[in-house]
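Please read the structure below before turning to the comments.
The values are calculated or read from the model by the stated rules, or taken from the named source; none is laboratory data. Just so you know, these numbers come straight off a predicted model, no measurement behind them. Reconstructed Cβ throughout: ideal geometry from the backbone, glycine too, with neighbour counts over all protein chains shown. Each accessible area value is taken on the protein alone, full model and side chains, heavy atoms only, with ligands, DNA and RNA left out. Shrake-Rupley method; radii C 1.70, N 1.55, O 1.52, S 1.80 Å.
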Amino acid sequence: MLVVGGGAAGMMAAGRCAERGRRTLLLERTPRPGNKIRIAGKGRCNITNADTVRNLIPCYGRNGRFLYRALTEFPPDKLIAFFQERGVPLKTERGGRVFPASDNAADIVAALQRYLRAHGVHVRCDARVAALRCEDVSVSGVTLTGGEQLHAPRVIIATGGMSYTGTGSSGDGYRFAAQTKHAVLPPRPALVPLETAEPFVRTLQGAALKNVAVSYLVDGIRHDGGFGEMLFTHYGVSGPVIVTISGDIGDRLAAGHTVHLSINFKPALDRATLNDRLLREFSAAGSAPVSAALKTVLPRALVPVFAEQLRIPPDRRCHQVTRGQRNALLGMLTDFRLRVTRTRPIDEAIVTRGGVSLDAVDPRTMESRIIRGLYFCGEVLDVDGVTGGYNLQAAFATGRLAGDSV
C-alpha cells in the first residue's frame, strides 16, 4: 500500500491503512512530513471546528455535499478524541475553533508521527514520485524521479494543492490525476488576501479593524460577506473576514467581473442611530478641527483618508461641516468602497481552490471511478472551506475514509 504525500490527509490515511492491517509506505517529497501542518494557523494549528456535520457542510460551498460521508465517519468530535487520546490536550476558542492547548502546531505533527510508528508505517522522505504506474484500468504502483519503481495494488494520492509551495505542495497530484484521465479544475487561490486599486491603502498599512461587516458587489450587485476582523496592507486588505470571501471574489474576477468591497465600520448601529451620534459628536466638538470629531467614530489611521475622500480642508471646523458632508460621512462609515483588482498569488493562499474533479471520485470511499485502486484525499480534491478549522477537518476526514476504504 502506497500513500503519496505526508501532509494532514496523507499521514492520517497511512496510519489508518496500517491500523487496519495493510503494510503501508508513506512517500514524502520533502525531508520531513507535516510541513504545512506546522505553519497552519500561524503555527497554532486550528485542527477543526467543534460543530455538527450538518452545520459543517455549508462551510465548504458548492461542493460541500461531497464530504458528507467522510465527515459523518470522522466528525470533529472523533478528530478531537483522536488527538486527545494521543497525548495532545486541546482547547476550543471563539467560533468553535479547536487548537492544541500549547498553541504549538508541532504537537499535532508529533501525534500523527506517533500514530504512524505505532502501526508500523514506513515513512520515506525525499522521495519524489514522477508518475503513477497503471495496468489497464488498475493502478500498479509509482515510479520515482530516479527511475525506481515501487509496486502496490493500492495508491492514495494526498499531495495537497499549490499553496505554500515551500512546504512541498507542488501540484504533483494534479499531474498524476491528468495522467490517469481525471479532469482537473485549474488551481487558484482561496483564503487569500486581496489587492485593491486605491492608492491610499498604502497609508493604512498595519491598521487593524475589529467588528466590521464586509460585503462585496459584483458588477454592482451586492453579495453577503461576513463580520469580524480585517487588516489593511500595503497592497490592499487581509484578515479573517476578507480571506473568507476571497475564493468567490477570485472566481468573479477571473470571469471578468468588476468587484468592490463594501465595509461597514459601524454594523451595530442603524443609519438613524449613527446619524444622531454624528450630530452629537460634531455639536460637542464645536470649533475644534473636523479631525477631532472623526477620531470619535474612526480608528486614528483612517481619519486623514476620510477627510481627503470627503474633500474637507484640514482647517475646517466641526461647526462648519455641511449637512451634505455629514451625510457623505454617514455613507462612508456604512458603505466604504474598495475596488478589488486581484487576489494575492496562490503561494500566499491558505488553501487551493480547484483540483481533481469530484465527478470521477466516489465520495463513499475516495476511490477513483476511472482507475481501480487509486484514491484521492485532502486538498488535491476540488473542495475548499472557509477559515476556522474546516480545511484541516476535511483533510483528516477524507484521509481517514481513504485509509478505511483501502
Notebook entry, point to check: Taking the range 7-26 as the region of interest, how many residues are surrounded by 24 or more Cβ atoms within 10 Å (Cβ to Cβ) and either within 16 Å of His119 (Cα to Cα) or β-branched (Val, Ile, Thr) (or both)?
Noted result: 11
Item checked: Qualifying positions in the range 48-88 - open to solvent by less than 10 Å² (accessible area, probe 1.4 Å) and in contact with a Gly (Cβ under 6 Å, 6 or more places away or on another chain) -> Thr48, Asn49, Tyr60
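With the condition being within 24 Å of the chain's Cα centre (by Cα) and among the hydroxyl-bearing types (Ser, Thr, Tyr), I'd like the helices (runs of 4 or more DSSP H) fully within the range 217-309 carrying at least 2 qualifying residues.
Numbers: elements: 240-254, 271-285, 290-294, 303-309.
Filter on the range 217-309 gives 240-254.
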Check: If Thr233 satisfies every condition in (1) open to solvent by less than 40 Å² (accessible area, probe 1.4 Å); (2) touching a strand residue (DSSP E or B) at 6+ places or on another chain (Cβ under 7 Å) but one, which is the exception?
Finding: (2)
Item checked: Subset of the range 264-308 (residues that are open to solvent by 80 Å² or more (accessible area, probe 1.4 Å) and closer than 27 Å to Asp224 by Cα) -> Ala268, Asp270, Arg271
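For (1) outside any helix (DSSP H, G or I); (2) modelled with pLDDT under 95, each residue gets a yes or a no:
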site: Ala18; (1), (2): no, no
site: Gly41; (1), (2): no, yes
site: Cys45; (1), (2): yes, no
site: Tyr60; (1), (2): no, no
site: Tyr68; (1), (2): no, no
site: Ile108; (1), (2): no, no
Next item on the list: Go through the range 158-182 and give me each residue that's in contact with a helix residue (DSSP H, G or I) (Cβ under 7 Å, 6 or more places away or on another chain) and either under 30 Å from Leu269 (Cβ atoms) or surrounded by fewer than 18 Cβ atoms within 10 Å (Cβ to Cβ) (or both).
Entry: Thr165, Thr167
Checklist line | Filtered residues of the range 337-357 (kept if surrounded by fewer than 19 Cβ atoms within 10 Å (Cβ to Cβ) and either at pLDDT 90 or above or more than 30 Å from Tyr235 (Cβ to Cβ) (or both)) | finding: Arg337, Arg339, Thr341, Arg342, Pro345, Glu348, Ser357
Note to self: Just checking, does the range 317-330 include any residue being modelled with pLDDT of 90 or more, under 35 Å from the mean Cα position of the chain (by Cα) and either open to solvent by less than 80 Å² (accessible area, probe 1.4 Å) or farther than 30 Å from Leu191 by Cα (or both)?
What the structure shows: yes
Note to self: Filter the range 119-139 down to the residues that are free of Cβ contacts under 8 Å to residues at least 40 places away in the same chain and either surrounded by 12 or more Cβ atoms within 10 Å (Cβ to Cβ) or assigned to a strand (DSSP E or B) (or both) and list them by number.
What the structure shows: Ala130, Arg133, Glu135
